[in-house]
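A.B. asks: So that we are looking at the same thing, I have put the structure below in C-alpha cells.
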Amino acid sequence: MKGLNKSLFAKVVALFLLVISFITGVGCVAGFSYIYSQGYYRNDGNRFFESTVFHRQAWQDSRYISDLAYNGYTQDQINKQIKSNTLNYTYEVYLDEVYTYVTLPVEEKTEDGVIGGYDRSRVKTEGKGGNLIVKGIPFDDNEVVHQSEHTYDYWYEDENGNEFEETYRVVMKFRTPTAGDTYYELYKMHNTLYSARYWIIILGLLMAVVFIADLIFLMCAAGHRPGTDEIVPNWQDKIPLDVYIVGMGTLMLFAGLVFVFCVDSFYQFAAVEIVTAGISLAILVILGLAALMSLATRIKTGTLFKNTLIYMFFHKVFGGIGSLFDNLDLVFKWMLGFTLIILINLLGIFILPITIVIDAILFIWLYRQIIALNKLKEAGENIASGNLDERIDVSNLKGDLRTHGENLNSISGGMGRAVEQKMKSERFRTELITNVSHDIKTPLTSIINYVDLIRKEEPEGKIDEYSQVLEKQANRLKKLLEDLLEASKASTGNLPVDLEKMDVCEIINQAVGEYSEKLEEKGLEVVVTLPDVPTIIMADGRKLWRIFDNVLNNICKYAQPETRAYVDVINKGENVVITFKNISRERLNIDSDELMERFVRGDSSRNTEGSGLGLNIAKSFAELMKASFDIYVDGDLFKVELHFRRVSE
C-alpha cells in the first residue's frame, strides 16, 4: 500500500475501475428499479405488453398516428409515413365524437331588473362520429396478442368563427415482436432484463465493493508522489477552495443536466442518447473524484480553510489589526483592555444579558491567560533549577505571552548547547591528557630503568650525585603522570566502583596510623574523635583509602608545624560526616572552589612537592561513590568535609 499510493499507474488503473464500476452500478440500480416496478421479483412472469416502456412507446406512436389523421393524411400516406409494412403492430383510427361550441343570448333577473347576457355551450353534432377513418395493414386474428386504445381531443375554429371539438380513438393491435421496429428492441431489452434480474443484484453489489475499495485507495493516495514521503499538492489543490468549489460545481451541474436529459430520452433507445449519457456520467464521476481527492489533499496539508479567498481576506484584515495591537506596550494593552471592560459594563446596564455574556467571555479569557502565565512561571523555575531540556508549548499562547515563551525556549536551548559544548570541550581535554600521559609514560619508564642500571654500577663523585637527582625527579614525574591519568579517568567516570559495607572508623584509624611517622616529623599532633558505635557506610575500600591518603598527605605538606590536626567522624541522622581540619602554614589567599581545581596548590611559589591533583582526585572518587566532598577555608583554617549515607549493619 505504501508503494502503490505513490504509483501513477496504480492511480490510473484505480480511476478506470472506479468509473467503470460506478457506471455499471448505476445501470444495475436502474435495471433493478425497472424490474422491481414491473413485479418480476414477485414471480408474476414476463409481461412485456404490461410494461412501462411498452405503454410509453405505444402512447407515443398512437399520438403520432392520431395527429396525422387529424391533419388529413390519407391511409396510404400514413402507412408510408410510419412504414407500416415493417411494424409489429397495426392500427385503426376512429372519429368518435364531434362537438360544436355555440353562444346563446340569455336573460338574468336581478333586484335591479333584467340584465341581458350570453351562455357558451357544447353541443354534439348529429350525424358525425363513430366512423373508421384510416387503418393499417391488417394482421391475421391468430397473430394479435395484445390490443390497446388511446383517445385524443382536438379543437379548431372554422372560417365563420365557429369552434369545434373532435375526439379521435386509436386502436392498436400487436403481434409478438420480430425484427423491424422499436418494439422488437424493447422486447429484447425487456427479456434480457427479466432473464438477468438476479444477476443484476449480484453485479450491482460487486460493483459497489469495487467502487468503495477504489475510492478509499484514491483518497489515501491523494497528494502522494514518487520519491518523497511529503504530501505534494498539484495545480488544482493550489486554487482557492471557494473558487474551486464554484468552478467544479458549475462543470458538474452541466454534466448532470446532460445526463438527466439523456436519461429522460431513454424510452426512444437512441444510440446517441445512450452514449452521451454514459460519457456525461463518466465525466461527472471523474469531476467528483477530482474534487474529493483535492479535498483529501487539502486536509492532509492543513490548507482546507487557509486556501480560501474568504480566509485570506479576513486574515489580512485581522492580521493587520493584530500586528498593530502587538506593537503596543504590554501595560498599555492591559490598560486599554480594562478600559473597554469598564465601558462595556457601564453601557451594559441597559442590556444586562449582553453584559453577562461579555463578562463570561472575558472571565474565560483571563482564566486562560492566568493558566498561560503559570505555565511560563513553572517553565522558568525549571530552567533556573538546571533543567535545560524544559520546553514550553507555545501553540496555544498568543501575543506577548507567546513571545515570552519562545524567548524562554531560546534561552533553554542556548544554555543547553553551551553546556553541551563545555562538556564536549572537557571530554576532549580529558582524552588529550590521557593520550599524552600514555605517550610520555613509555619513554619515562625507559629513563627510570636506565637510571636504576646506572645506580647499580655504583658511580662515584658527580655521577652519583647526578644520578640521585635524576632518579628522584623521574619518580616524581612518574607519580605526576599517574595522578594525572587517574584524575582524568575519575572525572569522566571511567573507573569501576565496587561498593560494599565497611566501618569507616577502622579505615580512619589505619590511615592515621600509616601517616603517624610523617606527622611526627612535621611536629603535627592528630586528634581523632570517633563515635562509640560502629559507623557503617557503602564505599569502595581502595578509593576511600585513596581519599584519606590524599587528604592526610595534603596535611603533611601544607599544615603549620607544631600544631594540631583534627579528624572527626560524626553520625548525623542518616548521614555520616567525616571532617579533617588543620592550620595552614601559608596564607590561604585562594577560595575553596579554586583549590579543588586541577594543578592548584596551596603554596603559590610551588616549592613543595606535589601535582596539585590530590584534592581533585579525592572529590572525583567521592562522587563516584555517591558521596560529597567539600572544602572550607576560614582564615588559616583548612577544612575537608565528606558526607556518606549511613547504612545498617
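A.B. asks: Quick one: if the Förster radius is 56 Å, what FRET efficiency do Ser385 and Asp229 give, using the C-beta to C-beta distance and rounding to 0.05?
C.D. replies: Step by step, r from the Cβ atoms, then E = 0.90.
A.B. asks: Further question: With each pseudo-label sitting 7 Å past Cα toward Cβ, what's the Val533-Met189 distance in nm, one decimal?
C.D. replies: The answer from the label model is 10.8 nm.
A.B. asks: Quick check on the stretch 494-550: what does the Kirkwood estimate of hydrodynamic radius come out to from the alpha carbon pairs, in Å?
C.D. replies: On the way: mean 1/r = 0.0787 Å⁻¹.
With all distinct Cα pairs of the stretch 494-550 included, I get 12.7 Å.
A.B. asks: Which of the trypsin sites (Lys or Arg not before Pro) across the stretch 51-98 are loop residues per DSSP, with 14 or fewer other Cβ within 10 Å? Don't skip to the answer; put the middle values down first.
C.D. replies: Numbers: sites: Arg56, Arg63, Lys80, Lys83; in loops: Lys83.
For trypsin sites (Lys or Arg not before Pro) across the stretch 51-98 that sit outside H, G, I, E and B with at most 14 neighbouring Cβ atoms in 10 Å, the list reads Lys83.
A.B. asks: Next up: What's the extension gain from Tyr36 to Thr403 if we count 0.36 nm per residue and subtract their Cα-Cα distance? Spell out each step's value before the answer.
C.D. replies: Numbers: separation 367, 0.36 × 367 = 132.12 nm, distance 6.88 nm.
Here the segment from Tyr36 to Thr403 would lengthen by 125.2 nm.
A.B. asks: While we're on this one: For Val469 and Glu521, compute 0.36 nm times the residue count separating them, minus their Cα-Cα distance, and round to one decimal in nm. Present the calculation step by step, with values, prior to reporting the outcome.
C.D. replies: On the way: separation 52, 0.36 × 52 = 18.72 nm, distance 2.28 nm.
Extra length from Val469 to Glu521 when fully extended: 16.4 nm.
A.B. asks: Do any of Lys83/Lys188; Lys557/Lys639; Lys238/Lys300; Lys456/Lys478; Lys543/Lys639; Lys619/Lys639 go past 18 Å between their Cα atoms, and which?
C.D. replies: Working: Lys83/Lys188 21 Å; Lys557/Lys639 15 Å; Lys238/Lys300 13 Å; Lys456/Lys478 20 Å; Lys543/Lys639 20 Å; Lys619/Lys639 14 Å.
Correct reply: Lys83/Lys188; Lys456/Lys478; Lys543/Lys639.
A.B. asks: Now for a different question. Tell me the carbon and sulfur percent of the accessible area for the stretch 124-221, rounded to whole percent, probe radius 1.4 Å.
C.D. replies: Working: 3300 of 5860 Å².
Of all accessible area on the stretch 124-221, carbon and sulfur atoms account for 56 percent.
A.B. asks: Pop a pseudo-label 7 angstrom from the Cα along the beta-carbon direction at both Gln147 and Leu257 and give the gap in nm to one decimal.
C.D. replies: So the label points at Gln147 and Leu257 sit 4.7 nm apart.
A.B. asks: At most 14 other Cβ atoms within 10 Å and a DSSP loop assignment: could you name the chymotrypsin sites (Phe, Trp or Tyr not before Pro) in the stretch 215-318 that fit?
C.D. replies: Details: sites: Phe217, Trp235, Tyr244, Phe254, Phe259, Phe261, Phe266, Tyr267, Phe269, Phe305, Tyr311, Phe313, Phe314, Phe318; in loops: Trp235, Phe269, Phe305.
Loop-located and lightly packed - Trp235, Phe269, Phe305.
The values are calculated or read from the model by the stated rules, or taken from the named source; none is laboratory data. Because the structure is a prediction, the values reported are computed rather than measured. Backbone-built Cβ (ideal geometry, glycine too); neighbour counts: all protein chains shown. Note: accessible area is taken over every heavy atom of the protein model, side chains too, but ligands, DNA and RNA are not part of it. Shrake-Rupley method; radii C 1.70, N 1.55, O 1.52, S 1.80 Å.
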